[in-house]
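A.B. asks: Pasting a structure below so you can have a look.
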There are 2 protein chains.
Amino acid sequence: MTKVESIQELINKYIDNQHFDGNPSELYEPIEYILRQGGKRMRPTLCLLACDLFGGNIDDCLTPAVAAEIFHNFTLVHDDIMDQAPLRRGMETVYHKWNSDIALLSGDTMLIKAFQYVLNTNKLYSHQVFAELCKVAIEVCEGQQYDLNFETQDNVSLDAYLKMIRLKTAVLLGSVLKIGAIVAQANEKDTENIYNFGIDLGMAFQLQDDIFDCYGDVKVFGKMTGGDIADNKKTYLYLKALELASEEDKATLRELFKMPKGRDEKKIQTVLNIYSKYDVKNIVTKLMTEYYEQSLQHLDNIDLPAERKETLKTYAEYLYKRNK
Amino acid sequence: MTKVESIQELINKYIDNQHFDGNPSELYEPIEYILRQGGKRMRPTLCLLACDLFGGNIDDCLTPAVAAEIFHNFTLVHDDIMDQAPLRRGMETVYHKWNSDIALLSGDTMLIKAFQYVLNTNKLYSHQVFAELCKVAIEVCEGQQYDLNFETQDNVSLDAYLKMIRLKTAVLLGSVLKIGAIVAQANEKDTENIYNFGIDLGMAFQLQDDIFDCYGDVKVFGKMTGGDIADNKKTYLYLKALELASEEDKATLRELFKMPKGRDEKKIQTVLNIYSKYDVKNIVTKLMTEYYEQSLQHLDNIDLPAERKETLKTYAEYLYKRNK
């Protein structure tokens, strides 16, 4: 078993042993439901890997790692209300399986429970972990609000998009790694390096997600491609195409992204054709690779022997080379 | 200036000096909007009064007191989404002035900000304050979920109703007082007494609110009476009437509370006539008085000279005798 696998097993066992049930059942069943779904559990994995990297005791890091996982799932529950999303991880969303009131309240409860987990962290650093979790939690809300704003905004810049995904996705990866470093009491410079490693990895991860959404292998990706186009999501692909396209193609893109949300195969194919015409898949892949390589640079900068960093590097590579 | 007035001035000045603005403005403007409305600010007032009672330094208690006020306002913002309420404190709700997505996200941000305020509390007891705030926050969510459940539940018992308002309203009053005692480092027994004082005061407060909603002086109450009846809210008045009424009146009540929500003066008058026939106003007033007197008993039990407790007693009396 690799180190990553043993850490993932530890996390899964720990979460399996937690009780999220209670009364009223309408509040707690959705929490059980979503936290039992699993998923990649990338955030607690990164948290424990960072703690281990800096020689910390990973058992001490389990509560903040699980806090981050609960927090992440809280964001999914609330985002799915706003997106009116019926499916997530191939299963019904809380919003759709119950209703928006229940998703709202059980989401609130998860957010509070995330903080409650931090309370069981060693008091030596629980205050610092709390501060980091509060900071990143607010940033994630800001990111989600920017994302909502973009839906009705006509001129979203590429920079604004990158800022949005930084807040919505990347900072949480940075913060979970930082929290692992805090628990291991790493020095300030290395804590900053591991944080920046997470930020750039998160940027690469999100850009890759955008690419998969258009070009993923349906069988592996587990859902139909073109979902972002159907939802009129202004991803980097769309914004880049808009920048490069002829006036005519620009007008077509804008027009198509004003259609009501919902699958329209002809619309999806037309948009993909324009993307292809301006080579945006390659352009975004190149940017993604830059972020990925930059993230490895931050890892390199950490003042530890290269072999100590192998596990995190392998995990980053696994995320980079994933196909879903 | 009385002690209560000087404490209220301190809180108001402190909140006035806080900055809740930021970007994206869609996220932060609603926070500024609701926190600048004021209101009674009963929760921070009780928190500081408890701290002062036990000889604590009230300046040390300002951050958790404000945390409790922000938390309370977060619950209002999210409750108003669920109730689709257009007005609150005579002003448009966040949900109505912006939209439900913005109310959802700015509410989330307020919940996190509440926790963030606790971070600035003395580390000697910040962990304990955090634990208390997490505990009560979850209870308040449970109370709100019970309240939602009651809307579609046919047989709500009087006990279930009392449990619901305990969670939705009373525990927060208990907890803010307890937090004041924690900051002042009061002993365990007195901390429990002040907590129970708050619980019973909160029960009285909520029952009084239910009475005002039916019988308040419109000019003083600031809104039309009968709102709970229009909204089919199963208050203690309704449930008690249902318990005492003849089969015929019971059927009428049940029928009327199945009408679509919305003002119907005839419906309100018919319900009030049934309430009057079974004397429920007096019955609920009696119960409210029992809670109020029980709360004073807990205050009496605190191991301090009676004159030290005068201020809190006077404030409780002010809440009890309030007319809105």
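Since every read-out is calculated from the coordinates, none of them should be taken as a lab result. In this text, all values refer to a predicted model and were calculated from it rather than measured experimentally. Here the Cβ is made from the backbone with ideal geometry for all residues, glycine too, and neighbour counts use every protein chain on show.
A.B. asks: Work out from phi, with θ = phi - 60° and the Karplus expression 6.51 cos²θ - 1.76 cosθ + 1.60, the ³J(HN,Hα) of each residue of segment A:102-119, listed in order in whole Hz, and give x for Gly and Pro.
C.D. replies: 5, 5, 4, 6, 6, x, 3, 5, 5, 4, 5, 4, 4, 5, 4, 4, 4, 4
A.B. asks: Considering every residue in B:16-28, what mean count of other chain Cβ atoms within 10 Å of its Cβ is obtained?
C.D. replies: Across B:16-28, the average partner-chain Cβ count within 10 Å equals 3.
A.B. asks: Then there's this: Looking only at A:VAL220, A:VAL66, A:VAL284, which one moves most when chain A is put into a Gaussian network model with springs between Cα atoms under 10 Å?
C.D. replies: It is A:VAL220.
A.B. asks: Right, here's the next one. Hey, fewest Cβ within 10 Å first, where do A:PHE71, B:PHE20 land in order?
C.D. replies: So the residues, fewest neighbours to most, are B:PHE20, A:PHE71.
A.B. asks: Copy-to-copy spacing for A:LYS135, label 7 Å out on the Cα-to-C-beta vector, in nm, shortest first?
C.D. replies: Result for A:LYS135, in nm, nearest copy first: 3.0.
A.B. asks: Which whole number gives the average, over all residues in A:81-88, of C-beta atoms from other chains lying within 10 Å of the residue C-beta?
C.D. replies: The mean count of partner-chain Cβ atoms within 10 Å per residue comes to 1.
A.B. asks: Another question about this same structure. Which of the trypsin sites (Lys or Arg not before Pro) found in segment B:105-146 are loop residues per DSSP with 12 or fewer other Cβ atoms within 10 Å of their Cβ? Intermediate results must be reported in sequence, preceding the final value.
C.D. replies: Details: sites: B:LYS113, B:LYS123, B:LYS135; in loops: B:LYS123.
Of the trypsin sites (Lys or Arg not before Pro), the ones in loops of segment B:105-146 whose Cβ has at most 12 other Cβ atoms within 10 Å are B:LYS123.
A.B. asks: List the residues, sorted by chain then number, that are 5 or more residues from B:ASP231 or on another chain and whose placed amide H is less than 5 Å from its amide H.
C.D. replies: Excluding prolines and chain starts, which carry no amide H, the hits are B:GLY262.
A.B. asks: Could you give the nm distance between label points at A:LEU124 and A:MET91, where each point is 7 Å from its Cα heading toward the beta carbon?
C.D. replies: That separation, rounded to one decimal, is 3.7 nm.
A.B. asks: What does the C-alpha gyration tensor say about the overall shape of segment A:168-318? Classify as rounded when a/c is under 1.5, otherwise prolate if a/b is larger than b/c, or oblate.
C.D. replies: prolate
A.B. asks: OK, next. Are there cysteines in chain B with no second cysteine's Cβ under 4.7 Å away, and if so, which?
C.D. replies: Within chain B, the cysteines lacking a partner Cβ under 4.7 Å are B:CYS47, B:CYS134, B:CYS141, B:CYS214.
A.B. asks: In peptide A:125-131, how many Cβ atoms from other protein chains are near each Cβ within 10 Å, on average?
C.D. replies: Mean partner-chain Cβ count within 10 Å for A:125-131: 3.
A.B. asks: What nm distances, shortest first, do you get from the label point of A:ASN187 to those in the other copies when the point sits 7 angstrom along Cα to Cβ?
C.D. replies: Counterpart label points of A:ASN187 in the remaining copies fall at 5.0 nm.
A.B. asks: Separation between the B:THR152 and A:ASN23 pseudo-spin-labels, each 7 Å from Cα along Cα→Cβ, expressed in nm?
C.D. replies: 2.0
A.B. asks: Sort segment B:1-130 into rounded, prolate or oblate with this rule: let a ≥ b ≥ c be the square roots of the eigenvalues of the Cα gyration tensor; rounded if a/c is under 1.5, and if a/c is not under 1.5, prolate when a/b is larger than b/c, oblate otherwise.
C.D. replies: Cα axes put segment B:1-130 in the prolate bin.
A.B. asks: Then there's this: Tally Lys and Arg at +1 and Asp and Glu at -1 over the other residues with C-beta under 15 Å from the C-beta of A:ALA306: what net charge comes out?
C.D. replies: -3
A.B. asks: While we're on this one: Could you please rank B:SER25, B:SER295, placing first whichever residue has the fewest other Cβ atoms within 10 Å of its Cβ?
C.D. replies: B:SER25, B:SER295
A.B. asks: Separate question: Evaluate the distance, in nm, between pseudo-label points positioned 7 Å from the Cα of A:GLN84 and of A:GLN185 along their respective Cα→Cβ axes.
C.D. replies: 5.4
A.B. asks: Follow-up. Let me make sure I get this right: for chain A, a, b and c are the square roots of the gyration tensor eigenvalues over alpha carbons, sorted descending. Under 1.5 in a/c it's rounded, otherwise prolate if a/b > b/c, else oblate. Which is it?
C.D. replies: oblate
A.B. asks: Something else about it: From the C-alpha coordinates alone, can you work out the Kirkwood hydrodynamic radius of the protein assembly as shown, in Å?
C.D. replies: Working: mean 1/r = 0.0373 Å⁻¹.
For the protein assembly as shown, inverting the mean 1/r across all distinct Cα pairs yields 26.8 Å.
A.B. asks: What FRET efficiency do you get for A:ASN282 and A:LYS313 if R0 is 25 Å and r is their Cβ-Cβ distance, rounded to the nearest 0.05? It would help to have the intermediate numbers written out before the result.
C.D. replies: Values: r = 25 Å, r/R0 = 1.01.
Once rounded, the FRET efficiency stands at 0.50.
A.B. asks: Restricting attention to segment B:1-91, which trypsin sites (Lys or Arg not before Pro) occupy a DSSP loop and are surrounded by at most 15 other Cβ atoms within 10 Å?
C.D. replies: Details: sites: B:LYS3, B:LYS13, B:ARG36, B:LYS40, B:ARG41, B:ARG88, B:ARG89; in loops: B:ARG36, B:LYS40, B:ARG41, B:ARG89.
Here the sparse-neighbourhood loop sites are B:ARG36, B:LYS40, B:ARG89.
A.B. asks: Here's a follow-up. Run through the other copies and list how far each one's label point is from that of A:ASP60, in nm with one decimal, shortest first; the point sits 7 Å from Cα along Cα-Cβ.
C.D. replies: Here A:ASP60 shows inter-copy label distances of 2.8 nm.
A.B. asks: A further question follows. Using R₀ = 35 Å, calculate the FRET efficiency as 1/(1 + (r/R₀)^6) where r is the Cβ-Cβ separation of B:ASN57 and A:ASP60; round to 0.05.
C.D. replies: That pair, B:ASN57 with A:ASP60, gives E of 0.55.
A.B. asks: Using only the Cα atoms of segment A:267-324, what are the Rg and Dmax in Å?
C.D. replies: For segment A:267-324, the Cα radius of gyration and maximum Cα-Cα distance read 16.3, 52 Å.
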